[in-house]
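The values are calculated or read from the model by the stated rules, or taken from the named source; none is laboratory data. Computed from a predicted structure; not experimentally measured. All Cβ positions, even for glycine, are placed from backbone atoms using ideal geometry, and neighbour counts span all protein chains on display. All accessible areas refer to the heavy atoms of the entire protein, side chains included, with ligands and DNA or RNA removed. Shrake-Rupley method; radii C 1.70, N 1.55, O 1.52, S 1.80 Å.
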Amino acid sequence: MDFMWDKFNVLEISAETIVIDDSGFVSELSMVSDSVAVVEGSDVFINKTCDKPIHLIVVGDNTRVNLKVKANNTIVESILSRGVRHSIEVLNGAKVLNYAMRRVDMDSNDNWAVSIGANSELKNVAVVLVNANLNYISDIKMIGEGSKFNQKALVKNYKDFRFNSDVSHLISNNSAELELSVVAVTNSKTNIRGNAIVGPGLTGVNNSIDFKALCEPEIDFIEISPNQNINSESVEAKHGASIGHNDRNQIWFLEAAGMDRHDADLALQAAFENSIIMEIDNEVIKSEIQKKLTGSSI
């Protein structure tokens, strides 16, 4: 099976574990009680408070999962490898930490639907290696006061990556942060769009969109567009976009320290990538992703 399951299977972690693969729920590898979660195929419902963290491990090449968490004060750490989450609802004060690690080798159109309710939180850290044409669309809805959404994603694009994300604030007093960093490899195409939507009369809304791209020489195309559609005055909103190459002064410094140009470029690219990787709280997952990125194999 997948390397992430091997790691979590070996480590003695006090947690409820749910494993999903291409065929659905893998009961023989899961260690979750019926009182905590109901799993029907690829649908996972967590309705009762659990004093242990819940590990949702998704493996396979084309796995789809629908996750609904309604348990107050319950933490779900979901680990995705290659599979893509289709939808997620976080309600009733639940907290979901979502770590997605994926390699795209076939052309794909992916959709991700998210709803976050009152006093609930979703943190998503994603690392994606794109070797094909990937069209990714996400629809994030902030539907409860006190809801929080935080996404930090790293994409290493070797082919054609298109990203389109809408974050809709439908009620007052919530916050959303969307950060995407892309390494655009030679001959690649990258198109990134993010749109924050704040309805009229809302207060206490915070929204941030930040897109960054580090480009190798001779990319085919890149376009970055962060947008804010604000229909209320009492809103804190910011956005940023940057496209660049490795800094010449930093390259010169590393060459002066004994590195050749190729190794200097790789070191600076690793520093750019690590700004996202360091957001992962789980040290096991963080270490494995760093190893995979070094070998360009997720």
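Some values worked out for this structure:
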{"item": "Matching entry among 172, 168, 147, 181 (being in contact with a helix residue (DSSP H, G or I) (Cβ under 6 Å, 6 or more places away or on another chain) and within 23 Å of residue 236 (Cα to Cα))", "result": "181"}
{"item": "Within segment 230-240, tally of residues that are open to solvent by less than 70 Å² (accessible area, probe 1.4 Å), in a strand (DSSP E or B) and farther than 26 Å from residue 190 by Cβ", "result": "2"}
{"item": "Every residue from segment 14-30 that is out of contact with any strand residue (DSSP E or B) (no Cβ under 7 Å at 6 or more places or on another chain), part of a loop (DSSP other than H, G, I, E, B) and either hydroxyl-bearing (Ser, Thr, Tyr) or modelled with pLDDT under 75 (or both)", "result": "14, 23"}
{"item": "So residue 118, is it surrounded by fewer than 20 Cβ atoms within 10 Å (Cβ to Cβ), aliphatic (A, V, I, L, M) and either closer than 22 Å to residue 44 by Cβ or at pLDDT below 90 (or both)", "result": "yes"}
{"item": "Segment 77-98, residues that are assigned to a strand (DSSP E or B) and modelled with pLDDT under 80", "result": "77, 78, 79, 80, 81, 84, 85, 86"}
{"item": "Residue that is nearest to residue 172 (Cα to Cα), among those in segment 129-145 that are surrounded by fewer than 17 Cβ atoms within 10 Å (Cβ to Cβ) and modelled with pLDDT of 95 or more", "result": "145"}
{"item": "Selection status of residue 288, touching a helix residue (DSSP H, G or I) at 6+ places or on another chain (Cβ under 9 Å), assigned to a helix (DSSP H, G or I) and closer than 20 Å to residue 177 by Cβ", "result": "no"}
{"item": "Filter result (of a type in the set (A, V, I, L, M), modelled with pLDDT under 75 and either open to solvent by less than 30 Å² (accessible area, probe 1.4 Å) or in contact with a Cys (Cβ under 8 Å, 6 or more places away or on another chain) (or both)) within segment 265-288", "result": "285"}
{"item": "Output for segment 134-152, where each listed residue is within 16 Å of residue 196 (Cβ to Cβ) and of a type in the set (Gly, Ala, Ser)", "result": "138, 147"}
{"item": "Close pairs (7 angstrom Cβ cut-off, 6 or more residues apart or separate chains): aliphatic (A, V, I, L, M) in segment 38-55, assigned to a loop (DSSP other than H, G, I, E, B) and open to solvent by less than 10 Å² (accessible area, probe 1.4 Å) anywhere", "result": "46/71; 46/74; 54/74"}
{"item": "Complete set of residues in segment 205-229 that are surrounded by fewer than 17 Cβ atoms within 10 Å (Cβ to Cβ) and among the hydrophobic types (A, V, I, L, M, F, W, C)", "result": "221"}
{"item": "Filter pass, residue 202 being under 28 Å from residue 146 (Cα atoms), buried (at least 18 other Cβ atoms within 10 Å of the Cβ), over 25 Å from the mean Cα position of the chain (by Cα) and at pLDDT 90 or above", "result": "yes"}
{"item": "Residues of segment 31-65 classified as open to solvent by 50 Å² or more (accessible area, probe 1.4 Å), out of contact with any Leu (no Cβ under 9 Å at 6 or more places or on another chain) and in a strand (DSSP E or B), total", "result": "4"}
{"item": "Contacts under 7 angstrom Cβ, first residue in segment 271-292 being over 11 Å from residue 153 (Cα atoms), partner small (Gly, Ala, Ser) and open to solvent by less than 30 Å² (accessible area, probe 1.4 Å), 6 or more apart", "result": "272/181"}
{"item": "Condition check for residue 227: modelled with pLDDT of 95 or more and not in a loop (DSSP other than H, G, I, E, B)", "result": "no"}
{"item": "Positions within segment 251-276 being under 30 Å from residue 124 (Cβ atoms) and either more than 24 Å from the chain's Cα centre (by Cα) or in a loop (DSSP other than H, G, I, E, B) (or both), in sequence order", "result": "265"}
{"item": "Flag for residue 209 being out of contact with any Lys or Arg (no Cβ under 6 Å at 6 or more places or on another chain), among the β-branched types (Val, Ile, Thr) and outside any strand (DSSP E or B)", "result": "no"}
